[in-house]
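One structure below.
The values are calculated or read from the model by the stated rules, or taken from the named source; none is laboratory data. These numbers were taken from a predicted model, which means no experiment stands behind them. Using ideal geometry, Cβ is built from the backbone for each residue, glycine included, and neighbour counts are taken over all protein chains shown.
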Amino acid sequence: MPYPVPPPEPPAIIETLVNPSPNQPPSYQSWNQPESGSKGYIQHNQTISYVLPSSYVLPSSPSSEIKRESSAALLGEPITRNWSDIYGNTGLYLIPNTGQRELEFPQNAIASSSSYGINSSQKFTHFDPHRPLYLAQTEPTPSEEIEIPVIPPTDLVEVTAAEQEFDQQRQIITARGNVRIRFRETLIEADQAQVNLSTRQTAARGNVALQRGEQLVQGSQMEYNFVRSTGVIYEARGVVVTQSTASDFDIEQPTNLTPAPIFSGSLSDTLTEAQPVTEVTTTGETQIQVTGAAFPQVGGTVNRLRFEAERIDIQPNGEWEATNIRITNDPFSPPELELRADNAQLRRISPLQDELLTSRSRLVFDQRFSIPLFRDRTIIDRRQREPSPLEFGYDLRDLDGYFVQWNLTPIEVGPLELKVAPQVLVQRAISESLSPLDPRFYGLNTRLSGRITPTTSIEGQLKISNFEDFPLLGENAYRGRLRVRQSLEDYTLTGEYSYRERIFNGTLGSQTVHRSFGAVLTVPNILIGPSGGYVNFQTGYQAIEANTDRFDLLEAERENDRISRQRFQTVGTLIYPIPLWNGSALPATASEGLRYTPRPVIPFVRLVGIARGVASLYSEDESQFYLSSSVGIQGQLGHFSRSYLDYTGFSVFYTQVAIDGASPFLFDRMVDQRILTLGLVQQIYGGLRGGVESAINLDSGLALNYEFTLEYSRRTHGVILRINPVQRLGSFSLRISDFNWTGDSPPFDD
């Protein structure tokens, strides 16, 4: 039985002109007027709620079927309609007379925002416009099924405008002048807009703004389906909150199905305000730090980004495609740091991973020079990941110098994550003339981490420096640690086992704790005074095997200098700052307070007192008690805003230690009783700063510690190089800043 032919539907909401230039976005003709005989109701300066009809027409589908609560018998006999009545309705089949020539219908003659789309391959026949046409009752060709949630009839679309007209027959709203459209979590602003309630399709132009959740996109023209969360925006720019993009545009996210209340104008006033950017604050940063043989320390997030693009196609589940896109974390224009690409596409590949495909992508610094990125595919992971699969490092103590490390894809082990990184020991291989088949040619670095309950986390690490006699490795061939942390409301209980852990102990240098097992309970900080002082405590138990230099504790015949003891330890620390002088920060603008730093510098000078007491009880009736007291002055002068010598940071501390007893171990024995600590950081020119920090034992004149730093700092990014010759350590850190702000950022090129 042939399908009944549905009643005729209206023409397209917007008619698209044939685009003479492929490099320009399509232009639009004036809004369609209601058909003669249809009734339009014009309202001025009002907010009106429209109930969505129960019928739901799939937009942009040539063979879409219309759900009607009527039978075929109620449709009656075939009827005749004029061409103007059925123009653009591809659900109707034209039956031409024979001998009429065929004409190709322009592919872009009807915008995708129409109630029905047009297949580019469909042909229309030339005919006399006064000749009546018959609606064929031919069974339509089934189209591909698309699962789209049907909106309950109780949902409302709220429209506020200077003038709005509702065509009840066609279910089309035409609004002009300060238009605001709200449906559930979606809010649209424009100078002019049309809404087709049957198809849930919106077409808007002129100062367009789309907000859904925390995402904000602005542009000149827009077509958007607020049920499917799909559409296209031309000359787009806006702000994206990366942590919630997928959920904000996910059509499967649960929503409130009750009718939305009438909203006031104040909610959307912030969308298209042209006020300058204000209240700029840094909410954190991404830090990537590489030190020695360890995995790079990756921490923090960048949650808010600005973007511009010639065109953005929004797809469900947070996916999108963009042409000539520019992305920055800078709230000001022109941006200091940009990622540019000719084309970009973001696709969801898992709940925690997105795939970004780009063409001709590059990083642009200060609008002057760029660095090409030779990668067209990037995996964006919401979990912490290493910045690069291939890394170079230096570890003289365990790996004999330079090495190359390859970070493999993490392995999911239930709720835990296992990272494996094989190493090629380049300097050892050269100095010892090793072949790739030699077990000393390779090393391994592994890390296990994860949260097994909401309050319990696990972290473990294993490092292998050579594979001689594998799997029966020598005791000096590997190091390991396993830590379990349990939150007990405000307290934290940490259990840990470590093997060959290295600890730095002042003038005694680096000491190795061969084996340790125990637990530590940490009490939360107790705040005291209005200036930020606090007290904290921790207590714990450990069974320890480590080196000693006391011959009375060692056997006459022995293989090493290690002894085993149990240790009970309690530590209390008091830190109390006393402000001496506080300056004021410059305004958080691109040319003043945020010129070279992600947060405005507040000059200050303060006096700081630190007291620390440690009580350690060991088995075999041994103990060590000491109380250290430190007093010092620290501060910073300048605002780090001018081109040179506008920042000086300093720190001077003197520490005196009173000791009773001595630890049987070397790694925790207190021997430095009078210590002078000095620190200085100075702006050299622009964002370049240099610093040095030193700690000296005043009794022996030996250096406890030396550290040199060289930093290049900008508002959006920074790099820091640290070198410590005493501990023979170095690190390289990369910072990408994250900002929050209010107001509307100007275009990138302003």
### Task
Go through region 593-605 and count every residue that is free of Cβ contacts under 8 Å to residues at least 60 places away in the same chain and either outside any loop (DSSP other than H, G, I, E, B) or surrounded by 14 or more Cβ atoms within 10 Å (Cβ to Cβ) (or both).
6
### Task
Report yes if Ser531 is touching a residue at least 40 places away in the same chain (Cβ under 8 Å), closer than 30 Å to Ser487 by Cβ and part of a loop (DSSP other than H, G, I, E, B), otherwise no.
yes
### Query
What do you reckon, is Asp699 modelled with pLDDT under 90 and over 23 Å from the mean Cα position of the chain (by Cα)?
no
### Query
Which ones in region 160-191 are within 35 Å of the chain's Cα centre (by Cα), more than 13 Å from Phe226 (Cα to Cα) and buried (at least 21 other Cβ atoms within 10 Å of the Cβ)?
Thr160, Val179, Arg180, Glu189, Ala190
### Task
Would you check which residues across region 317-354 are polar (S, T, N, Q) and either under 27 Å from Arg228 (Cβ atoms) or not in a strand (DSSP E or B) (or both) and list them?
Asn317, Thr323, Asn324, Asn329, Ser333, Asn343, Gln345, Ser350, Gln353
### Query
Out of all the residues in region 409-431, which are surrounded by 13 or more Cβ atoms within 10 Å (Cβ to Cβ) and farther than 12 Å from Ile464 by Cα?
Pro410, Leu416, Glu417, Leu418, Lys419, Val426, Gln427, Arg428, Ala429
#### Entry: When residues of region 609-665 are limited to those that are more than 25 Å from Phe537 (Cβ to Cβ) and of a type in the set (S, T, N, Q), the one surrounded by the fewest Cβ atoms within 10 Å (Cβ to Cβ)
Ser643
### Message
Suppose we filter Ser449, Ser433 for residues that are part of a loop (DSSP other than H, G, I, E, B) and farther than 30 Å from Arg340 by Cβ; which single one remains?
### Response
Ser433
## Note on the structure
Within region 446-487, the residues that are small (Gly, Ala, Ser) and surrounded by 16 or more Cβ atoms within 10 Å (Cβ to Cβ) are Ser449, Gly450, Ser457, Gly460, Ser465, Ala477
## Note on the structure
Filtering region 163-183 for residues that are closer than 21 Å to Ile312 by Cβ and touching a Ser or Thr at 6+ places or on another chain (Cβ under 8 Å) leaves a count of 2
### Query
Say we look at region 684-722 and pick out the residues that are surrounded by 15 or more Cβ atoms within 10 Å (Cβ to Cβ) and β-branched (Val, Ile, Thr); which of these is farthest from Phe653 (Cα to Cα)?
Thr716
### Message
Please go through region 166-189 and give me each residue that is of a type outside the set (D, E, K, R), in a strand (DSSP E or B) and touching a residue at least 24 places away in the same chain (Cβ under 8 Å), ordered by number.
### Response
Phe166, Ile172, Ile173, Thr174, Val179, Ile181, Phe183, Thr186, Leu187, Ile188
### Summary
The condition of being in contact with a strand residue (DSSP E or B) (Cβ under 8 Å, 6 or more places away or on another chain), at pLDDT below 80 and among the small types (Gly, Ala, Ser) holds, among Gly718, Gly730, only for Gly730
